[in-house]
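The structure under discussion appears below in the form of structure tokens.
The values are calculated or read from the model by the stated rules, or taken from the named source; none is laboratory data. On a predicted model such as this, the values are computed, not experimentally measured, just so you know. Reconstructed Cβ throughout: ideal geometry from the backbone, glycine too, with neighbour counts over all protein chains shown.
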Amino acid sequence: MMRKEIKTAIISAIIIVVAIGGIEIFLTSLDKTVTNTENQVFDNNPVQDTNGTGAKSASYPDENNYPPAPDLTGITGYINTTPQELQAKMKDKVVLYDFWTYSCINCIRTLPFLESWNDKYADKGLLIIGVHSPEFEFEKDINNVKMAVQKYNITYPIVLDSDHKTWDAFSNRYWPAEYITDDLGHIRHTHFGEGEYGQTEQVIQQLLDQRAKRLGLNITADQSLVNLQEHEFALFETPELYFGYDFADGRNYFGNAEGFEPEKTVNYTIPSDLQKDHFYLGGQWQNLHDSMKLSSDNGKIVLPYTAQDVHIVASGPNTEIQILLDGKPVTSDNAGQDTKNGVAIVSENRLYNIISSRQAGSHTLTIIGHPGFQIYTFTFG
């Protein structure tokens, strides 16, 4: 009889061989699964960001697996189009829905790309629809939006989604946000925020070529890409700062010890010790749900920040604000587009570029205002 030790060793060896074989079969199967799913998109987005730095194209064998784009819902106004005209234009078109709002600097910086794509591809079957979904109450006013459309030379259709009905239908949460559908109305690509314009344009080209084949058209989209300067973000940059007590919930960078006092007018005193990326008020300011409004004859805002450009969303009765940088009147080397000789004139409800430096850096900004000056946000770039 075989000794017990030898028998046990043989059985163990057989078990190991079988186990190795099973693992190889499993790994082979797993490798096939990964390979076969690389060209499928489980979140219904054909261009996936695989590593946080770029997009990856993919496609379904059956386009019906993509979700249909929701209808434009609850639209309160139309610019550059009419409801009937827009509905007719959308038929058989590749549609790019751009969710934006006119006081958003990130949205504003995407507009040249959108307008360039409109010029380049509109006659090839692309339709861009700007879905204006406001952040602040004043952005619901169609006259304010028309002013912005004229200022930024936007020629494609704009619809006013003032109550965020279409925003909610798309389950959108970002400004700006792009949703691109094929000519059958299926969402084939999404992108949130700035950047990756080349990848987005390549998707447009692919969907236009696909449309041409489906409709039997002898049209080929130009495969070159729009060559525009993209905004370069600083490595460290002050976040967006909100002055309204409702908007600052969860992102409060108000440095005064008095803090927010909803719907009250408070006499604020600027402390001697200032914390980076926090704003400080001096003078009497009325606390509003979306902003702060200066009530006293003179008032100050002091902000230690890090960025290249500084923008404010503000309004006022044609009032002057003085801009100081590191305690001195801002010079032409650092003045923004809306600052002349160290002064900006605030009138319309809009975004104002008050600082534009040659490079990003850390500074202390001081704004000296007068009664009626109303500020909503600081944004940076």
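Considering (1) closer than 15 Å to T238 by Cβ; (2) surrounded by fewer than 22 Cβ atoms within 10 Å (Cβ to Cβ); (3) hydroxyl-bearing (S, T, Y), say which one T377 fails and leave the rest. Checking T377 against (1) closer than 15 Å to T238 by Cβ; (2) surrounded by fewer than 22 Cβ atoms within 10 Å (Cβ to Cβ); (3) hydroxyl-bearing (S, T, Y), the one that fails is (2). Exactly one residue out of Y197, Y253, Y174 is more than 17 Å from the chain's Cα centre (by Cα) and of a type in the set (F, W, Y), and it is Y253.
Here is a yes/no grid of residues against (1) touching a residue at least 12 places away in the same chain (Cβ under 8 Å); (2) at negative phi; (3) in contact with a strand residue (DSSP E or B) (Cβ under 8 Å, 6 or more places away or on another chain):
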{"site": "G185", "(1), (2), (3)": "yes, no, yes"}
{"site": "Q223", "(1), (2), (3)": "yes, yes, no"}
{"site": "E230", "(1), (2), (3)": "yes, yes, no"}
{"site": "Y245", "(1), (2), (3)": "yes, yes, yes"}
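Does K89 meet the test of being charged (D, E, K, R), at pLDDT 95 or above and within 15 Å of I158 (Cβ to Cβ)? Here the answer is yes, as K89 does meet what is asked. Residue pairs whose Cβ atoms lie under 7 Å apart, sitting 6 or more positions apart in sequence or on different chains, and linking a residue in segment 141-161 that is more than 25 Å from K120 (Cβ to Cβ) to a partner that is surrounded by fewer than 20 Cβ atoms within 10 Å (Cβ to Cβ) and among the hydroxyl-bearing types (S, T, Y), are L160/T76. Of all the criteria given as (1) closer than 26 Å to R251 by Cβ; (2) crowded, with 21+ Cβ neighbours inside 10 Å, the one not satisfied by V330 is (1). Reported count of residues in segment 143-166, each being touching a Phe, Trp or Tyr at 6+ places or on another chain (Cβ under 9 Å), hydrophobic (A, V, I, L, M, F, W, C) and either closer than 30 Å to L217 by Cβ or surrounded by fewer than 22 Cβ atoms within 10 Å (Cβ to Cβ) (or both), is 4.
What are the residues in segment 282-309 that are of a type in the set (D, E, K, R) and either more than 30 Å from A234 (Cβ to Cβ) or crowded, with 21+ Cβ neighbours inside 10 Å (or both), if any? Listed by number, the residues that qualify are K293, D297.
Among the residues of this structure, I312 does not count as one that is surrounded by 20 or more Cβ atoms within 10 Å (Cβ to Cβ), over 25 Å from the mean Cα position of the chain (by Cα) and of a type outside the set (K, R).
Considering segment 347-381 alone, what residues qualify as being among the β-branched types (V, I, T) and out of contact with any Asp or Glu (no Cβ under 8 Å at 6 or more places or on another chain)? Listed by number, the residues that qualify are T366, I367, I368, I375. One residue stands out among those in segment 187-215 that are over 22 Å from L111 (Cα atoms) and in contact (Cβ under 8 Å) with a residue 40 or more places away in the chain: the one that is surrounded by the most Cβ atoms within 10 Å (Cβ to Cβ), which is R211.
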